[in-house]
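Working notes, structure below.
The values are calculated or read from the model by the stated rules, or taken from the named source; none is laboratory data. This structure is a prediction, so every number in the text was calculated from the model and none was measured. Positions of Cβ are backbone-derived with ideal geometry, glycine not excepted, and every protein chain shown enters the neighbour counts. Heavy atoms of the whole protein, side chains included, go into the accessibility calculation; ligands, DNA and RNA do not. Shrake-Rupley method; radii C 1.70, N 1.55, O 1.52, S 1.80 Å.
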Amino acid sequence: MTIQNPNSFRTGPDETGHFGMFGGRFVAETLMPLILKLEQAYEAAKADPAFHKEMGEYLTHYVGRPSPLYFAERLTEHCGGAKIYLKRDELNHTGAHKVNNVLGQILLARRMGKKRIIAETGAGQHGVATATLCARFGLECIVYMGAVDVERQKPNVFRMHMLGAKVVPVQSGSRTLKDAMNEALRDWVTNVADTFYCIGTAAGPHPYPAMVRDFQCVIGREAREQMLEREGRLPDSLIACIGGGSNAIGLFHPFLDDKSVEIFGVEAAGHGIPTGEHAASLTGGRPGVLHGNRTYLLMNEDGQITEGHSISAGLDYPGIGPEHSWLHDIGRVTYISATDKEALAAFQLLSKLEGIIPALEPSHAVAKAVEIAAAKPKDHLMIVNLCGRGDKDIFTVADHLGGMS
Amino acid sequence: MTTRIDRRFEAVRAEGRAALVTFVMAGDPDPETSLDIVRALPKAGADLIELGMPFTDPMADGPAIQAAGVRALAAGMSLRKTLALVRAFRAEDDATPIILMGYFNPIYVYGVDSFLADARTAGVDGLIVVDLPPEEDHELCKPALAAGLNFIRLATPTTDDKRLPAVLANTSGFVYYVSVTGITGAAIPDYGKVTGAVARIKRHTDLPVAVGFGVKNAETAEAIARGADGVVVGTALVEAVRLSLSEGRATPATVEAVSAVVRDIAAGVRRVSKKAA
Ligand SMILES: Cc1ncc(COP(=O)(O)O)c(C=O)c1O
């Protein structure tokens, strides 16, 4: 292992894919050669200006970047403290940050000559983004989705169908995101020759956590420039929701070495951490090994993975990307959590005050942003990652609010 | 240092045949019946026993073995109870090797050092941990070897000649060749290719090579036995468990249902004479 530069939080992972003790490559032998090849291909792409140029073109003209950094004036007034800015990745094509990562991986798959793309999805946003780019490039697309999530995120299932993807409802285990990931891995182990596994978050075996982070870092790089332009200085705090952690690490990473910037990750507390029905791996879990990496996991005393719970299908993963586990242990990022109820309230608040309907996932970040902002001075600059829009969630929310409100 | 696994492969070779390696899930369909199933395996013709350690997220297993794990966990099985099962078996049988097979997380959570100590005392001979490739050898493989346990690695069709030495480096006991790219219980291998693949592995190692995936009955076992030192059967046995159940529970027929399949497959394995070789 190489010693990471102690003066920087941005040098990980080491060459074996570790962030401190987290990460690694815990996969079946069948997949190991594929993962090594993927790592090589990614390193080559990373060093190739043509790859970055191609990415840049599509990010601008297809995804619609840069996404605005919007001053949420009425939300700020409501809180009476920090100046709240929203990084509006919900305006991206397909409605969430997921497309940033998918674009990178699909361009890489094309370079590798892979014609069959598989993905797992929870909320369906990653599935939709993958189906979208597969349609754009004429690639076969198979999306694994827990049967429970197929039910609660129907609009996205329909979108994937329209885009020509095959959606496979996963009936094993808890029938949510972790099981979809198991099923995608089973597919990959079977179809090794022609298949590219497009993982939707900054987790999984090395090089995925680093690669997905790199593709999502466009969020943080833009936010940094935009804030410097608008306010002439860096923000004082950042806040983002965490499922596997990709939108969060994308915003955070470019700021990790700016010691003045306070960083908050918000996990899903579901019905509340004490109830055990939550998806807060860092707050309520322990280190373990799942889906190719060592990271904080929700599990019982026998090491059996337990089901995460969240009102938001994109957050109820019982793990978290390994870089977050490391940032948690060394204390660079503060991880907190928001309950279903708090997220629902924030969903309504942002809709009514700003005319922006957020996805339930970033509603968790908004919920905590409102609390933290209230306690900060008026010259405190805060960026909230508004990583997805709420169209997909209106039925879920209506159900919870009894169809009224 | 020779181990129970080494001695057993030696003895089977002396008999001029391939070894039969049987996989069942510990605790399936319940801990008591599971012990009876395991106890009956040697009599039915099993030479080595692979005991699955149930895990909620068996990423490399097909529906049959997934379901076996679900049944075991629902019946209260745990890693601690799996070790207790081995201890109970070992009290009556000191010769049949037992290999625990599963995923790393339950072991990691148990604590690698305590697990290795407890496994050894219980009478475990070897480990197969699906999600620990050679790149992660420091996690469990090397400590296991130091503790006197065999660490059996899977080699697969994607393991090319360049990678094979790394895969074999810390492997002991035997090499488990996974005959297809895929999950357990799925595809049927191309038997001709399997023989060639085993020959390729044997150019790199003196260890016995056992072949698994796709052994369903006496005929398929016979086909595999021609080209390998050992034949592994798993899905067919956990399916026998499932089919014997009534409303999810063991019946008086459960133990015998598994034994019957083992006897059939053992007969297939024994039809191939390796005396000449
Ligand atoms: C809008 C949105 N935000 C956040 C997430 C959670 O993922 P991550 O933590 O990787 O950003 C999802 C996942 O589906 C999502 O759809």
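Quick one: count up the residues across the stretch A:163-176 that are assigned to a strand (DSSP E or B) and free of Cβ contacts under 8 Å to residues at least 40 places away in the same chain.
Step one: filter the stretch A:163-176 for residues assigned to a strand (DSSP E or B), giving A:166-170.
Checking which are free of Cβ contacts under 8 Å to residues at least 40 places away in the same chain leaves us with A:166, A:168-170.
Qualifying residue count, the stretch A:163-176: 4.
Here A:Arg213, A:Arg233 are screened, and the one residue that is open to solvent by 10 Å² or more (accessible area, probe 1.4 Å) and within 14 Å of the ligand (Cβ to nearest atom) is A:Arg213.
Checked against (1) within 25 Å of B:Ala266 (Cβ to Cβ); (2) more than 14 Å from chain A (Cβ to nearest Cβ), B:Ser179 passes all but a single condition, namely (2). Considering every residue within the stretch B:104-113, establish whether at least one is in contact (Cβ under 8 Å) with a residue 24 or more places away in the chain, away from every other protein chain (no Cβ under 14 Å) and not in a helix (DSSP H, G or I). No, that holds for no residue. Filtered by the rule that a residue be open to solvent by 10 Å² or more (accessible area, probe 1.4 Å) and polar (S, T, N, Q), the stretch A:166-207 gives A:Gln171, A:Ser172, A:Ser174, A:Thr176, A:Thr190, A:Asn191, A:Thr201. Of the residues making up the stretch A:353-362, at least one is in contact with an Asp or Glu (Cβ under 9 Å, 6 or more places away or on another chain), over 15 Å from A:Thr76 (Cβ atoms) and open to solvent by 60 Å² or more (accessible area, probe 1.4 Å).
Taking the condition open to solvent by 30 Å² or more (accessible area, probe 1.4 Å) and in a helix (DSSP H, G or I), does A:Ala50 pass?
Working: open to solvent by 30 Å² or more (accessible area, probe 1.4 Å): yes; in a helix (DSSP H, G or I): yes.
Yes: the conditions hold for A:Ala50.
With respect to the conditions (1) within 12 Å of the ligand (Cβ to nearest atom); (2) closer than 24 Å to A:Gln226 by Cβ, A:Gly321 lacks only one, and its number is (2).
Would you tally the residues in the stretch B:174-206 being open to solvent by 40 Å² or more (accessible area, probe 1.4 Å) and under 23 Å from B:Ile99 (Cβ atoms)? Matching residues across the stretch B:174-206 total 4.
For the stretch A:177-197, the candidate set comprises residues that are touching a helix residue (DSSP H, G or I) at 6+ places or on another chain (Cβ under 9 Å) and within 16 Å of the ligand (Cβ to nearest atom); within that set, the residue that is nearest to A:Lys115 (Cα to Cα) is A:Tyr197. Being at pLDDT below 95 and touching a Ser or Thr at 6+ places or on another chain (Cβ under 9 Å): is that true of B:Ala60 here? So B:Ala60 fits the description; yes. Inside the stretch A:276-297, residues that are within 13 Å of chain B (Cβ to nearest Cβ), within 18 Å of the chain's Cα centre (by Cα) and under 18 Å from A:Cys241 (Cα atoms) make up a count of 3. Output the residue which, of all residues in the stretch A:236-251 that are open to solvent by less than 10 Å² (accessible area, probe 1.4 Å) and more than 11 Å from the ligand (Cβ to nearest atom), is farthest from A:Gly122 (Cα to Cα). For the stretch A:236-251, the residue satisfying everything is A:Ser237.
Could you list, in sequence order, all residues of the stretch B:1-14 that are open to solvent by less than 30 Å² (accessible area, probe 1.4 Å) and either in a helix (DSSP H, G or I) or without any contact (Cβ under 8 Å) to a residue 12 or more places away in the chain (or both)? Spell out the reasoning first.
Step one: list which residues in the stretch B:1-14 are open to solvent by less than 30 Å² (accessible area, probe 1.4 Å), which gives B:3, B:5, B:9, B:12.
Those that are open to solvent by less than 30 Å² (accessible area, probe 1.4 Å) and either in a helix (DSSP H, G or I) or without any contact (Cβ under 8 Å) to a residue 12 or more places away in the chain (or both): B:Ile5, B:Phe9, B:Val12.
Just one of the listed residues (B:Ala117, B:Ala46, B:Ala95, B:Ala67) is modelled with pLDDT of 95 or more and under 20 Å from B:Asp30 (Cβ atoms), and it is B:Ala67.
Selection over the stretch A:94-123 of residues that are in contact with a helix residue (DSSP H, G or I) (Cβ under 8 Å, 6 or more places away or on another chain), modelled with pLDDT of 95 or more and over 16 Å from A:Gln216 (Cα atoms) gives a count of 8. Scanning the stretch B:15-28 for residues that are open to solvent by less than 10 Å² (accessible area, probe 1.4 Å) and either small (Gly, Ala, Ser) or closer than 21 Å to B:Ser246 by Cβ (or both) yields B:Gly16, B:Ala18, B:Ala19, B:Val24, B:Ala26, B:Gly27, B:Asp28.
Considering B:Ala95, B:Ala67, B:Ala46, B:Ala122, which residue is surrounded by 24 or more Cβ atoms within 10 Å (Cβ to Cβ) and either of a type in the set (A, V, I, L, M, F, W, C) or away from every other protein chain (no Cβ under 14 Å) (or both)? If you could, list the steps in order and put the result at the bottom.
On the way: B:Ala95 fails: surrounded by 24 or more Cβ atoms within 10 Å (Cβ to Cβ); B:Ala67 fails: surrounded by 24 or more Cβ atoms within 10 Å (Cβ to Cβ); B:Ala122 fails: surrounded by 24 or more Cβ atoms within 10 Å (Cβ to Cβ).
Of B:Ala95, B:Ala67, B:Ala46, B:Ala122, the one residue that is surrounded by 24 or more Cβ atoms within 10 Å (Cβ to Cβ) and either of a type in the set (A, V, I, L, M, F, W, C) or away from every other protein chain (no Cβ under 14 Å) (or both) is B:Ala46.
Among residues of the stretch B:125-157 being facing chain A (nearest Cβ under 9 Å) and open to solvent by 30 Å² or more (accessible area, probe 1.4 Å), the one that is modelled with the lowest pLDDT is B:Pro157.
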